[in-house]
1. When the residues of region 102-139 are filtered to those that are of a type in the set (S, T, N, Q), over 22 Å from N42 (Cβ atoms) and touching a strand residue (DSSP E or B) at 6+ places or on another chain (Cβ under 6 Å), which remaining residue is surrounded by the fewest Cβ atoms within 10 Å (Cβ to Cβ)?
2. Among the residues of region 82-101, is there at least one that is closer than 15 Å to G125 by Cβ and among the charged types (D, E, K, R)?
3. For region 20-45, how many residues meet the condition of being assigned to a loop (DSSP other than H, G, I, E, B) and either at pLDDT 95 or above or surrounded by 15 or more Cβ atoms within 10 Å (Cβ to Cβ) (or both)?
4. Mind listing whichever residues of region 69-82 are farther than 16 Å from Y141 by Cα and either crowded, with 23+ Cβ neighbours inside 10 Å or not β-branched (V, I, T) (or both)?
5. Suppose we filter N99, N142 for residues that are surrounded by fewer than 22 Cβ atoms within 10 Å (Cβ to Cβ) and at pLDDT 95 or above; which single one remains?
6. Hey, could you check region 50-64 for residues that are touching a residue at least 24 places away in the same chain (Cβ under 8 Å) and part of a loop (DSSP other than H, G, I, E, B) and say which is surrounded by the most Cβ atoms within 10 Å (Cβ to Cβ)?
7. Quick one: is A81 touching a Pro at 6+ places or on another chain (Cβ under 6 Å) and either more than 15 Å from G146 (Cα to Cα) or part of a strand (DSSP E or B) (or both)?
8. Need the failing condition index for N70 against (1) modelled with pLDDT of 95 or more; (2) in contact with a Leu (Cβ under 9 Å, 6 or more places away or on another chain), just the number.
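The values are calculated or read from the model by the stated rules, or taken from the named source; none is laboratory data. Owing to the predicted nature of the structure, the values given are computational and were not obtained by experimental measurement. Ideal geometry is used to build each Cβ from the backbone, glycine not excepted, and the neighbour counts take in all protein chains shown.
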Amino acid sequence: MKVLTTVLFMSFAILSTSCGNDDGNSNESTNGSFTAKINGTNYDAEFVNGFIVVLGTNISISGSEANGNNVVINFPTDAEAGDTFTVGGLQFIGSYDSNNGDGAVASEGTLTISAHDPEAKTVSGTFNFIAEPLASGGTSYNITEGRFSSSYDEL
């Protein structure tokens, strides 16, 4: 049941953050910053979005590049500055969706909250995780030096 819940949650998170109207305008607004290294290569998201998802219990922050690469992190809405979450127990879930259609979900990793203001709906922190492929034969991704700062909305 835990695996099914994780897969359903990640499917929703990936779909809700990677689909949308892309009119090709590279000057679209962003809600913050989202950077990391993916397998040693710098990743600097051009589009950052944040939402409260799954019955208001998790915040989902995504960082997307114009080419379609997308990193999503999810953590509890009651997270406070100084909290550290590890993959497992659905407290911290990370995923990577490559523009080649390769998707991967975190198998291990951590996320630390640096600041969180629920009234202003802003949050920042650091993260790292190893994402294992969803499909057999897919690629594993080592996501390191992750940093984010974002506002978020309730869906």
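1. Out of the qualifying residues, it is S107.
2. Yes, the conditions are met somewhere in region 82-101.
3. Qualifying residue count for the region: 5.
4. Selection gives N74, F75, P76, D78, A79, E80, A81, G82.
5. N142
6. Among those that are touching a residue at least 24 places away in the same chain (Cβ under 8 Å) and part of a loop (DSSP other than H, G, I, E, B), it is V54.
7. Criteria not met by A81.
8. Exception for N70: condition (2).
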